[in-house]
Amino acid sequence: MAKKKKNTAAMRRQAELEKRQQLGKNAAKKNREKQLQNQPYKKVAIQQAAQAPAKKVTDAPASAAPVWKREDNIAPMLLTYKPSIKTQSIDFTAPITIRVQSLSPLHLGSGQADVNVDAEVIHDDTGLPYFPAKRFKGLLYESALEVAEMSELAGLNLLNKNEIDALFQHGCLGDTQLIVSNLYLEDYEQMHEDWNYLQEEFPALFQVTDVLEQYTSLRYQTKLDRETGTAADTSLHNMRVVDEGLSFEGQCCVQNGNRRALEILALALRNLSQSGLKRTRGFGRIACTMEQDGKDILRPILREMLTAAERSL
């Protein structure tokens, strides 16, 4: 009898969840239709796209095979084949798109807690997690210093601390300055608009915590008592983490920038592989890339730098 009641309760919860999801889809669809009515040109473009014949999918040519060898320390997002470009075509003063992908659960701490969560992640007004600009810039600075130390030990003239401090304006002021924006989830503007609409129209069903749970999860940890081998009293705690596989993106630019500034940024991004808490326990693994006009510019810059450094040995 108890098992039957348990199954019935589970079925009710599942039905309620499906009802909520369908209601959210219908509301989001209604919101988009309302936007199209206010912007007729978008409606015409969508109708034309729907009437256009579907393109045939053909097999990729053999020449399009990835040319980069797979390595354990290279993130999957960096293995996607893209035609290489020459650094002469890079505009060293134009905005750059930075992408960060979480390769493991990531704790972007907000410094807040409540009765349910001991360590919360930072999120916007609708519950969407994001990567704060100030924190990301600090990670880039630390990563650049690590590259400088490694290059010195290896005898390579790649970076020095003075030029890193000048770019990040760490303890000094200058004309060149790296400016980084917050990094948000892909398609953030549309998602923020949809979730905001649902929270305003159905406040009883869609709250900030409901949105946050779509992109995060709770991880529980405890401390073992060495004498008894069991969990120590009052040691159970939890923290919220951003789920693995999510991708953040944002803009950055270098005021009065030059080629050297982008070289420093490229080295720092390539070396940056961890963020957040519990890094020694498998949390916080990330991979970074940078693009300009939809083209990868990280690899070409690094390739030329490393080639030049090897020739100077």
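The values are calculated or read from the model by the stated rules, or taken from the named source; none is laboratory data. These numbers were taken from a predicted model, which means no experiment stands behind them. Here the Cβ positions follow ideal geometry from the backbone for every residue, glycine too, while neighbour counts run over all protein chains shown.
In the set Leu173, Leu198, Leu185, only one residue is out of contact with any Cys (no Cβ under 6 Å at 6 or more places or on another chain), surrounded by fewer than 12 Cβ atoms within 10 Å (Cβ to Cβ) and over 26 Å from Arg303 (Cβ atoms); that residue is Leu173.
Looking at segment 255-276, is at least one residue over 18 Å from Ala144 (Cβ atoms), out of contact with any Pro (no Cβ under 7 Å at 6 or more places or on another chain) and either surrounded by 14 or more Cβ atoms within 10 Å (Cβ to Cβ) or of a type in the set (Lys, Arg) (or both)? Lay out the reasoning, then the answer.
Applying the first criterion (over 18 Å from Ala144 (Cβ atoms)) to segment 255-276 yields 256, 276.
Then keep just the ones that are out of contact with any Pro (no Cβ under 7 Å at 6 or more places or on another chain); that gives 256, 276.
Then drop every residue that is not either surrounded by 14 or more Cβ atoms within 10 Å (Cβ to Cβ) or of a type in the set (Lys, Arg) (or both), which leaves 276.
Yes - at least one qualifying residue is present in segment 255-276.
Does Thr97 meet the test of being in a loop (DSSP other than H, G, I, E, B), surrounded by 15 or more Cβ atoms within 10 Å (Cβ to Cβ), modelled with pLDDT of 85 or more and of a type in the set (S, T, N, Q)? No. Does Leu158 count as outside any helix (DSSP H, G or I) and assigned by TED's automatic domain parsing to the domain that holds Thr307? Yes; evaluated as a whole, the condition is true for this residue. Mind checking which residues of segment 192-207 are in a helix (DSSP H, G or I) and in contact with a helix residue (DSSP H, G or I) (Cβ under 7 Å, 6 or more places away or on another chain)? The answer is Asp194, Trp195, Tyr197, Leu198, Glu201. Gln214: in the same structural domain as Gln255 (by TED's automatic domain parsing), modelled with pLDDT under 90 and part of a helix (DSSP H, G or I), yes or no? For Gln214, the condition - in the same structural domain as Gln255 (by TED's automatic domain parsing), modelled with pLDDT under 90 and part of a helix (DSSP H, G or I) - is met. Just one residue in the set Glu152, Glu163, Glu146, Glu142 is closer than 19 Å to Gly257 by Cβ and part of a helix (DSSP H, G or I); that residue is Glu163. Residues that are part of a helix (DSSP H, G or I), among the polar types (S, T, N, Q) and at negative phi: does segment 241-252 have at least one? Within segment 241-252, none of the residues are part of a helix (DSSP H, G or I), among the polar types (S, T, N, Q) and at negative phi. The set of residues in segment 149-192 that are of a type in the set (A, V, I, L, M, F, W, C) and closer than 29 Å to Ser102 by Cα comprises Met150, Leu158, Leu159, Ile164, Leu167, Phe168, Leu178, Ile179, Val180, Leu183, Leu185, Met191.
Here Ile179 clears all of (1) of a type in the set (Val, Ile, Thr); (2) surrounded by 19 or more Cβ atoms within 10 Å (Cβ to Cβ); (3) over 27 Å from Gln221 (Cβ atoms) except the condition numbered (2). The numbered conditions (1) under 25 Å from Lys134 (Cα atoms); (2) of a type in the set (A, V, I, L, M, F, W, C); (3) free of Cβ contacts under 8 Å to residues at least 60 places away in the same chain are all true for Ala204 except (1).
From the list Gln274, Gln251, the one residue that fits, being free of Cβ contacts under 8 Å to residues at least 60 places away in the same chain and within 20 Å of Pro132 (Cβ to Cβ), is Gln274.
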